[in-house]
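Shown next, in structure tokens, is the structure this report addresses.
The values are calculated or read from the model by the stated rules, or taken from the named source; none is laboratory data. Here the structure is a predicted model, which means the values were calculated and not measured. With ideal geometry, Cβ positions are generated from the backbone for all residues, glycine too; neighbour counts draw on all protein chains shown.
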Amino acid sequence: MDATVATAVVVEGVGLHTGAPVRVTLVPEDKPGIVFRRADLPGTPPIAALPPSISPATRHTVIRNDAASVATVEHLLAACWGLDITALDVAVEGPELPVGDGSALIWVEALQKAGRATFSRPQTPLVPRPVRLEEGGSSIALAPAAAWEVHFAGVFPDGRRYEVTWTPETDFVAELAKARTFCRLSEVAGLRRMNLARGGNPGNSLVWIDGPVTEEMRREMNSWWPGVSLACDGAGLLESQRLRSPDECARHKLLDLLGDLALLRPVVPCRVAAIQSGHALAHRLVRQCALGQHARETMADLEGSYG
């Protein structure tokens with residue numbers, strides 16, 4: 001059984017990386033699959049949320065169809081995963097989805113407001129071969145299983161190791177949706193120089209102070225975040241911030257991973273185990289799992305429906 005939204009709903013905000021204002025309309029769809037459309041571009045080009053659409057990107061997920069792209073789709077896709085929304089038309093007026101507070105709550109609230117409608121359209125799910133990838137100290141593995149289980153483990157900015165798991169029995173809204181994105185203060189300037197995190201600020205990202213704060217750093221940060229104190233609490237967070245759970249950063253990494261795995265749908269249940277991995281390794285995993293005619297035909301069918 002597939003599920004979509006019952007009515008259209010609009011979400012507005014700014015992009016985390018571009019800082020650009022954007023308007024998104026989530027529209028009911030009666031065909032399986034999630035398709036983004038750049039409604040602000042001539043011809044409203046469609047971009048299927050499938051592995052062949054993944055475009056190279058740093059620290060977020062970007063999907064592309066020729067010259068049209070949509071950035072930072074992972075939180076919406078994770079919300080669709082967690083609420084089991086498998087069909088959606090996403091009209092985007094801008095280059096990137098809005099970040100909200102840095103979690104998936106903006107999308108969960110929109111999907112819940114829109115309501116839920118179901119339909120039956122039989123599909124042949126992808127049956128991937130077992131895959132294991134390693135890079136440096138990171139790894140990710142996937143294999144078909146009797147039931148879904150997605151596990152993430154890693155060491156985070158507070159120096160502690162956390163492990164979190166999603167299964168179909170997990171309360172996605174209570175346990176994962178509110179976990180916010182995070183970065184180290186030492187990374188912010190570098191991200192800005194890469195033309196990333198232009199819309200990032202302490203209101204939508206947890207910021208960990210991970211070293212001495214120089215006067216030069218204070219001046220630079222004040223030009224981006226006027227009036228924000230760079231003092232920190234005992235955990236190393238900015239003093240104005242508090243964790244929603246001790247393992248919030250780990251929960252957010254699992255949230256991101258679910259969003260990337262959503263690009264594989266439809267797929268049989270799998271067990272996924274990730275250690276200290278990020279988007280880049282997850283993208284490699286998803287593309288490798290989807291190699292084959294089935295993925296190409298599914299993408300062609302989806303984009304053809306919106307041509």
Next item on the list: Examine region 199-213 for a residue that is free of Cβ contacts under 8 Å to residues at least 12 places away in the same chain, surrounded by fewer than 20 Cβ atoms within 10 Å (Cβ to Cβ) and within 17 Å of Glu239 (Cβ to Cβ), and state whether such a residue exists.
Entry: yes
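Which is among the β-branched types (Val, Ile, Thr), more than 21 Å from Leu263 (Cβ to Cβ) and in a strand (DSSP E or B), of Val35, Val10, Val24?
Details: Val35 fails: more than 21 Å from Leu263 (Cβ to Cβ); Val24 fails: more than 21 Å from Leu263 (Cβ to Cβ).
Result of the check over Val35, Val10, Val24: Val10.
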Checklist line | Condition check for Gly94: closer than 30 Å to Ala197 by Cβ, surrounded by fewer than 14 Cβ atoms within 10 Å (Cβ to Cβ) and not β-branched (Val, Ile, Thr) | finding: no
Next item on the list: Filter the helices (runs of 4 or more DSSP H) completely within region 237-307 down to those with at least 1 residues that are modelled with pLDDT of 95 or more and closer than 27 Å to Ala147 by Cα.
Entry: 248-261, 279-289
Next item on the list: Return a yes/no flag: does region 69-86 have any residue that is within 25 Å of Ala6 (Cα to Cα) and modelled with pLDDT under 95.
Entry: no
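Considering only region 84-112, how many residues are among the small types (Gly, Ala, Ser), part of a loop (DSSP other than H, G, I, E, B) and on the phi < 0 side of the Ramachandran plot? Walk me through how you get there before you give the answer.
Restricting attention to region 84-112, the residues satisfying the condition of being among the small types (Gly, Ala, Ser) are 87, 91, 94, 100, 102-104, 110.
Next, from what is left, pick out any that are part of a loop (DSSP other than H, G, I, E, B): 94, 100, 102-104.
Narrowing further to those that are on the phi < 0 side of the Ramachandran plot: 103-104.
Number satisfying all stated conditions: 2.
Of these, Leu133, Leu126, which one is touching a Lys or Arg at 6+ places or on another chain (Cβ under 9 Å), more than 14 Å from Ala273 (Cβ to Cβ), surrounded by 12 or more Cβ atoms within 10 Å (Cβ to Cβ) and in contact (Cβ under 8 Å) with a residue 40 or more places away in the chain? I'd like the intermediate steps shown before the answer.
Numbers: Leu133 fails: more than 14 Å from Ala273 (Cβ to Cβ).
When all the criteria are applied, what remains is Leu126.
Using the structure shown, decide if Ala231 is over 30 Å from Pro168 (Cβ atoms) and either among the charged types (D, E, K, R) or more than 18 Å from the chain's Cα centre (by Cα) (or both).
Working: over 30 Å from Pro168 (Cβ atoms): yes; either among the charged types (D, E, K, R) or more than 18 Å from the chain's Cα centre (by Cα) (or both): yes.
Considered against the rule, which asks whether it is over 30 Å from Pro168 (Cβ atoms) and either among the charged types (D, E, K, R) or more than 18 Å from the chain's Cα centre (by Cα) (or both), Ala231 comes out as yes.
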Notebook entry, point to check: Which condition does His17 not pass, out of (1) surrounded by 19 or more Cβ atoms within 10 Å (Cβ to Cβ); (2) in contact with a Pro (Cβ under 7 Å, 6 or more places away or on another chain); (3) not hydroxyl-bearing (Ser, Thr, Tyr), if it passes all the others?
Noted result: (2)
Next item on the list: Select, from Ala104, Ala110, Ala179, Ala114, the only residue that is at pLDDT 95 or above, more than 19 Å from the chain's Cα centre (by Cα), crowded, with 16+ Cβ neighbours inside 10 Å and within 26 Å of Pro21 (Cβ to Cβ).
Entry: Ala114
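For region 50-69, how many residues are in a strand (DSSP E or B) and under 12 Å from the mean Cα position of the chain (by Cα)?
2
A quick yes/no check of all residues on (1) touching a residue at least 12 places away in the same chain (Cβ under 8 Å); (2) in contact with a helix residue (DSSP H, G or I) (Cβ under 7 Å, 6 or more places away or on another chain):
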{"site": "Lys31", "(1), (2)": "yes, yes"}
{"site": "Pro42", "(1), (2)": "no, no"}
{"site": "Pro45", "(1), (2)": "yes, no"}
{"site": "Ile54", "(1), (2)": "yes, yes"}
{"site": "His75", "(1), (2)": "yes, yes"}
{"site": "Leu83", "(1), (2)": "yes, yes"}
{"site": "Pro98", "(1), (2)": "yes, yes"}
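I'd like the full set of residues that are of a type in the set (D, E, K, R) and surrounded by fewer than 22 Cβ atoms within 10 Å (Cβ to Cβ), limited to region 41-87.
Initial filter on region 41-87 (of a type in the set (D, E, K, R)): 59, 64, 66, 74, 84.
Result: Arg59, Arg64, Asp66, Asp84.
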Next item on the list: Inspect region 150-161 for any residue being farther than 20 Å from Ala262 by Cβ, touching a Pro at 6+ places or on another chain (Cβ under 9 Å) and of a type in the set (Lys, Arg) and give the result as yes or no.
Entry: yes
